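Worksheet: the structure to be examined is printed underneath.
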């Protein structure tokens, strides 16, 4: 059995799932998801909820006994685990650093994975499976279906602006920072030079800021819904664009990665964090453009 600890929003949950799913395939072992953090007080963290239910996943939810087998909680729980047969105990695997750790690809069965695992290299050899499982359960309807058809008919560019807690939370701002108008202006110019008749669709958790600050000399639509309200639906629309300009956000990373257009252009920020010495060398697929 493989269990992965889920934490953060939709984009982070997708990375945690994908890395653990690859190990479950490697070991021929069932995958379970520990979503317990979303049922507890997330003091000091940006509040999120479990959001992977929109996808056709090859996993189940972990129950209390599964978590006990991983020795989570200490005290009496650890004693109980020590009494279990070795084959039923789960080994804790913690993420050592942000960049790709190849040892994870050869991890044993019966593990509890705790980390973010933000790299395509953790699952690139099962990419087709991950794409199939990250398909949406429900069809698009109403306004979303109309937008999808509109996006499909154009040389569409999905542009995502992440603000939210990156601005309002001091600690998050110190770690992540935000991509400013200069980054987006350069990305828009680059896309415009490489495409004919680009049509921009702007997604953001602060759409009013986007309207005030984005200067795009091409047709543009601002999508009136934010990450908190419609995360999975906005993600699906971003993935249906022909090209993507992403923020320093795992959420828009996945919007671009799920884009299946063979001729897509993806532009991403070189500066992913607002801290020095952050190693992001394994974050982006090689054909993405970093500026």
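General remarks:
- When 78, 24 are screened for being in a helix (DSSP H, G or I) and modelled with pLDDT under 95, only 78 passes.
- Scanning region 143-179 for residues that are more than 24 Å from residue 236 (Cα to Cα) and either at pLDDT 90 or above or not in a helix (DSSP H, G or I) (or both) returns 169, 177.
- Residue within region 125-140 that is over 21 Å from residue 236 (Cα atoms) and outside the structural domain of residue 242 (by TED's automatic domain parsing) present: yes
- Among the residues of region 148-188, those that are surrounded by fewer than 19 Cβ atoms within 10 Å (Cβ to Cβ) and touching a strand residue (DSSP E or B) at 6+ places or on another chain (Cβ under 7 Å) comprise 154, 155.
- Those residues of region 189-208 which are over 21 Å from residue 262 (Cβ atoms) and out of contact with any strand residue (DSSP E or B) (no Cβ under 6 Å at 6 or more places or on another chain), in sequence order: 189, 205, 206, 208
The values are calculated or read from the model by the stated rules, or taken from the named source; none is laboratory data. Note that this is a predicted model, so its numbers are computed, not measured. Please note: Cβ atoms are built from the backbone with ideal geometry, for glycine as well, and neighbour counts cover all protein chains shown.
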